[in-house]
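Notes follow the structure.
Rule-based calculations on the coordinates, nothing more; no lab input. Only a predicted model underlies this, so the values are computations on that prediction, with no experimental measurement involved. As a convention, Cβ positions derive from the backbone with ideal geometry for all residues, glycine included, and neighbour counts pool all protein chains shown.
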Amino acid sequence: MPKRGLDRLFTYASPEIFAESPQKNQFTCAAKHIMQNTLNKIFSRHALTNVARIAAIAAACVTMSALTLAKPPITPPTEITLNIDSTDTTDSSDSSDTTQSNLVSACVCDLNQDRTVDSADLGTLLGLFGPCQSADPGDFNFDAAIDSSDLGTMLGNFGPCPSGLSWATVLQWNPDPDVVPDAAVRAKIVASGYPWRVLDTGTGIEMLLIPGGTFTMGCSASNSYGCYSDESPNHQVTLSKAFYLGKTEVTQAQWQAKMGSNPSTYKNYSDSPSRPVETVSWNDIAGFNTATGLRLPSEAEWEYACRGGTTTAFHSMPSYPNGTNVDSLLGNIAWYSSNAGSTTHAVAGKAANAFGMYDMSGNVWEWCNDWWGSTYYSTSPSMDPAGPSSGSYRVLRGGGWGYISDPCRSSYRDSVGPDPRGYGVGFRVARTP
Ligand SMILES: [Ca+2]
Ligand SMILES: [Ca+2]
Ligand SMILES: [Ca+2]
């Protein structure tokens with residue numbers, strides 16, 4: 001906790017503030033005296049860690065609570081319906097509300113719902129001090145009063161709300177509008193209940209949440225290139241569940257750290273650790289994913305994540321929020337034959353798409369989990385398609401540094417057997433929450 005925050009906390013917790021609260025009559029002069037003494041001691045103990053200071057203040061609050069007027073014992077309910085979804089505009093309950101059974105782990109102390117319990121929530125809580133309806137926001141122990149006991153609960157839960165994901169560290173709960181410009185998409189991410197930007201703890205790979213949704217999969221011709229037969233027919237696909245996808249292709253450094261070796265052809269450059277790993281077969285990646293708990297995206301997940309809401313040959317880029325079919329604009333988002341200089345490049349060097357994904361087009365080709373089938377689109381299920389049940393080739397997507405604009409189109413499909421390793425082929429990882 002930064003000093004400024006700590007100072008604010010001391011200010012909020014001062015007896016003068018309590019004295020102005022609606023409950024001031026519940027605090028005796030003796031209680032104020034004890035509180036003041038405790039705070040003075042805390043101020044004088046500079047060796048205490050911030051955590052210890054907060055704990056000490058919480059203890060003081062409990063002391064205060066013990067000195068308030070006795071109340072009849074109340075049995076807290078085991079669960080409560082909270083208006084915590086993004087569609088709510090009022091406090092009245094509705095069908096979209098979420099029922100939480102563990103109030104602390106649900107981060108009920110996060111009163112402004114920004115997924116972090118901090119001084120902003122503390123200020124709100126202190127502003128609510130006084131009698132209330134049991135289970136009003138801020139009344140964490142359901143005793144029909146917002147008081148120092150609730151304050152102690154909040155102080156004990158300071159920090160980012162838990163993700164509920166055993167494998168992830170939360171970097172950012174809510175999507176950044178500069179990265180995910182569509183408000184409706186941001187609302188869907190928040191409504192998923194999962195954090196937007198996380199770090200896969202085991203690999204250090206940064207991943208972003210892609211919300212479920214429906215899109216048209218298949219042929220998007222560019223101005224210069226039409227589609228191939230395996231990109232048709234266009235068909236509507238629904239991805240029923242949100243999933244995490246690597247913000248970039250897996251880098252050489254990330255592969256090396258997990259696998260202990262680096263198979264990449266372009267590994268002798270100063271920026272090679274930040275370049276995508278390549279010369280990896282589909283079967284090699286199966287080994288990487290077994291070691292990490294990660295997986296490859298399905299082909300449908302890949303195209304949905306690549307398009308980011310666009311229906312054009314190439315996804316969005318600065319000045320072209322709806323994407324473009326103009327092949328000469330591809331260099332804004334992709335390393336390909338016209339700008340790559342016949343080599344890979346450090347990931348995230350070009351503009352990201354509307355989900356915050358880099359290098360979906362170009363740099364290295366990306367393996368998908370699916371078997372490839374030339375006529376699969378005519379039989380693909382509309383919900384969560386996973387590809388043919390068997391085959392000889394696995395799907396590759398996105399084109400690469402050595403290729404023209406044609407295969408960099410969002411709908412272009414290629415296929416290679418699971419064993420060959422190509423110096424233009426890498427991957428990005430997905431994970432089911
Ligand atoms: Ca908060
Ligand atoms: Ca209470
Ligand atoms: Ca790529």
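Some points to look at:
- Filter on Lys241/Lys267; Lys267/Lys350; Lys188/Lys267 - keep pairs with C-alpha separation over 31 Å: Lys241/Lys267; Lys188/Lys267
- Across the range 327-433, Cα pairs under 8 Å and at least six residues apart give a relative contact order of 30 percent.
- Check: the range 292-384 dipole with +1 on Lys, Arg Cβ and -1 on Asp, Glu Cβ, in debye: 220
- For the range 380-388, backbone phi angles converted through the Karplus equation (6.51, -1.76, 1.60; θ = phi - 60°) give residue-by-residue couplings of 4, x, 7, 10, 6, x, 10, x, x Hz, Gly and Pro being listed as x.
- Each listed q (0.17, 0.26 Å⁻¹) maps to a log10 I(q)/I(0) for the range 217-284, found by the Debye formula over equal Cα scatterers with no solvent: -0.83, -1.03.
- Which of Thr312, Thr379 has the fewest Cβ neighbours within 10 Å, and the rest in rising order: Thr379, Thr312
- Ordering His345, His235 by the number of other Cβ atoms within 10 Å of each residue's own Cβ, fewest first, gives His235, His345.
- Magnitude of the charge dipole for the range 145-215, about its Cα centre and with charges confined to Cβ atoms of Lys, Arg (+1) and Asp, Glu (-1), is about 180 debye.
- Computed from the Cβ-Cβ distance with R0 of 25 Å, the FRET efficiency linking Ser382 to Ala183 stands at 0.40.
- Compactness of the range 323-433 was expressed as the Cα radius of gyration divided by 2.2 N^0.38 Å, which yields 1.10.
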